[in-house]
Amino acid sequence: MKLLVTGGAGFIGSHLCEYLVSQGHEVFVLDDLSTGRYENIEHIPGITCIIDSTLNQDIVRDLVREVHAVFHLAATVGVQLVVSQPVQTIINNIRGTETVLQETCRYRRPLLITSTSEVYGKGVREVFHENDDRVIGPTNLTRWGYAASKAVDEFLALAYWKEKRHPVVIVRLFNTVGPRQTGRYGMVIPRFVEQALRNEPLTVYGDGKQTRCFAYVGDVVPALTELLLRGNFYGEVFNLGNSESVSIEALARRVIARTGSSSTIVFVPYDQAYGEGYEDLRHRAPSLEKIHAAIGYQPKTSLDQILDTVIADIRTRLSRRG
Ligand code: UDP
């Protein structure tokens, strides 16, 4: 099939493109290289990359017409970026998705939209199910603007399905990690690994008792593909991630042990890390019941395997930089 991946030069997008090409598909990428990098995809044979934004409706229309289905990954992501560029975050995420929905609906192209576990908000529970209530913080705390923008994307996509029978699937990604992810926009694992390899202190925010579940990108991309190309999950929302939970302090210790680093750990108050009034989530884990029932999804890669892969990747990157 001919497939379009918006945000295809990003971390998850580039792994998805690699996988789709390995399955014999012809892949087009639309990416404005805001956080993506051309280097992420230049090694993939036969790929066509258009450097432009999903806000450019004419380009989106031309590309959508050419392909059979669309994966929409392009978005402003990463807590650091979201907090420092709130206007761009909200506008990009809402307008970009609106444009992709309009054009895929016009040509009736099946569409998968990647959403985020952030839409659950701060929640009071540890494990989130797709139909759980959402608890979003006040509008003066920037973090929640990102959650709200992605929730609006979901509302709009589901409205397109209900009103126009536009074939769209929504996937809420939980902390996805792997090679090529950068720590520049906040993501904790590449940050810790880079700090450890440089023998610098690992910056644990808050008390380090907050927990997360990290999914390997190599487990995630085949699931995205199944959910869209099987064609029988339209109008549905799925969690996708891993259910192995770890506290951030324990994660830091594991990174130090697995890199053999002499780094120490420093605890950094949230205000210092993200500015005043930042609210972090204590716990976040996905219920994977629905996606397991749908496509038999089960994460295969353990946290230790993930860490070893990321460590090897960042080691190579650092040694190239010299
Ligand atoms: N975090 C940390 N040190 C860092 C970066 C992040 O302790 O240098 C924490 C962050 O506060 C959060 C967790 O690690 O509790 C995961 O952060 P990330 O930004 O990767 O994802 P989030 O789950 O917040 O979207």
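If you go through region 125-145 and keep only what is in contact with a strand residue (DSSP E or B) (Cβ under 8 Å, 6 or more places away or on another chain) and part of a helix (DSSP H, G or I), you end up with just TRP144. For GLU154, the criteria (1) part of a loop (DSSP other than H, G, I, E, B); (2) in contact with a Ser or Thr (Cβ under 6 Å, 6 or more places away or on another chain) hold in every case but one, which is (1). When you look at VAL77, is it crowded, with 17+ Cβ neighbours inside 10 Å and modelled with pLDDT of 95 or more, yes or no? Judged against the criteria, VAL77 is not a match.
Could we say that ARG253 is at pLDDT below 95, within 13 Å of the ligand (Cβ to nearest atom) and open to solvent by 20 Å² or more (accessible area, probe 1.4 Å) here? So ARG253 does not fit the description; no. Within 18 Å of GLU118 (Cα to Cα), surrounded by fewer than 19 Cβ atoms within 10 Å (Cβ to Cβ) and touching a residue at least 40 places away in the same chain (Cβ under 8 Å): is that true of THR203 in this structure? No, not satisfied.
Please determine whether any residue of region 61-78 is more than 16 Å from the ligand (Cβ to nearest atom) and touching a Cys at 6+ places or on another chain (Cβ under 6 Å). Scanning region 61-78, I find no residue that is more than 16 Å from the ligand (Cβ to nearest atom) and touching a Cys at 6+ places or on another chain (Cβ under 6 Å), so the answer is no. Within region 202-224, not a single residue is under 30 Å from HIS25 (Cα atoms) and of a type in the set (S, T, N, Q). The single condition among (1) in contact with a strand residue (DSSP E or B) (Cβ under 9 Å, 6 or more places away or on another chain); (2) at pLDDT 95 or above that ARG230 does not meet is (1). So for region 207-217 (the condition being in a helix (DSSP H, G or I), away from the ligand (no atom under 12 Å from the Cβ) and either modelled with pLDDT of 95 or more or not β-branched (Val, Ile, Thr) (or both)), does at least one residue qualify? Yes. Restricted to region 272-282, and to residues that are under 26 Å from ARG125 (Cβ atoms) and of a type in the set (Asp, Glu), which residue is nearest to the ligand (Cβ to nearest atom)? My answer is ASP280. For region 20-67, filtering for residues that are of a type outside the set (A, V, I, L, M, F, W, C) and open to solvent by 60 Å² or more (accessible area, probe 1.4 Å) leaves 18.
State all residues of region 236-250 that are more than 14 Å from the ligand (Cβ to nearest atom) and open to solvent by 20 Å² or more (accessible area, probe 1.4 Å); if no residue qualifies, say none. Across region 236-250, the qualifying residues are GLU236, SER243, GLU244. Out of everything in region 100-132 that is β-branched (Val, Ile, Thr) and more than 16 Å from ALA148 (Cβ to Cβ), what residue ends up being nearest to the chain's Cα centre (by Cα)? The qualifying residue nearest to the chain's Cα centre (by Cα) is THR114.
Confirm whether ARG212 is in contact with a strand residue (DSSP E or B) (Cβ under 6 Å, 6 or more places away or on another chain), surrounded by 20 or more Cβ atoms within 10 Å (Cβ to Cβ) and of a type outside the set (Gly, Ala, Ser). So ARG212 does not fit the description; no. Scanning region 189-199 for residues that are within 11 Å of the ligand (Cβ to nearest atom) and open to solvent by 40 Å² or more (accessible area, probe 1.4 Å), we see that the one that is nearest to the chain's Cα centre (by Cα) is ARG191.
Here is a yes/no grid of residues against (1) closer than 20 Å to LEU112 by Cβ; (2) within 16 Å of the ligand (Cβ to nearest atom); (3) not acidic (Asp, Glu):
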site	(1), (2), (3)
MET1	yes, no, yes
LEU16	yes, no, yes
THR35	yes, yes, yes
ILE47	yes, no, yes
ASN56	no, no, yes
GLN80	no, yes, yes
VAL87	no, no, yes
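In region 159-188, which residue that is free of Cβ contacts under 8 Å to residues at least 12 places away in the same chain and in a helix (DSSP H, G or I) is farthest from the ligand (Cβ to nearest atom)? Here the answer is GLU163.
The values are calculated or read from the model by the stated rules, or taken from the named source; none is laboratory data. Computed from a prediction, not measured in an experiment: that's the story for all the values here. Cβ sites come from the backbone with ideal geometry, for glycine too, and all protein chains shown count toward neighbours. Only protein heavy atoms, including side chains, enter the accessible area calculation; ligands, DNA and RNA are left aside. Shrake-Rupley method; radii C 1.70, N 1.55, O 1.52, S 1.80 Å.
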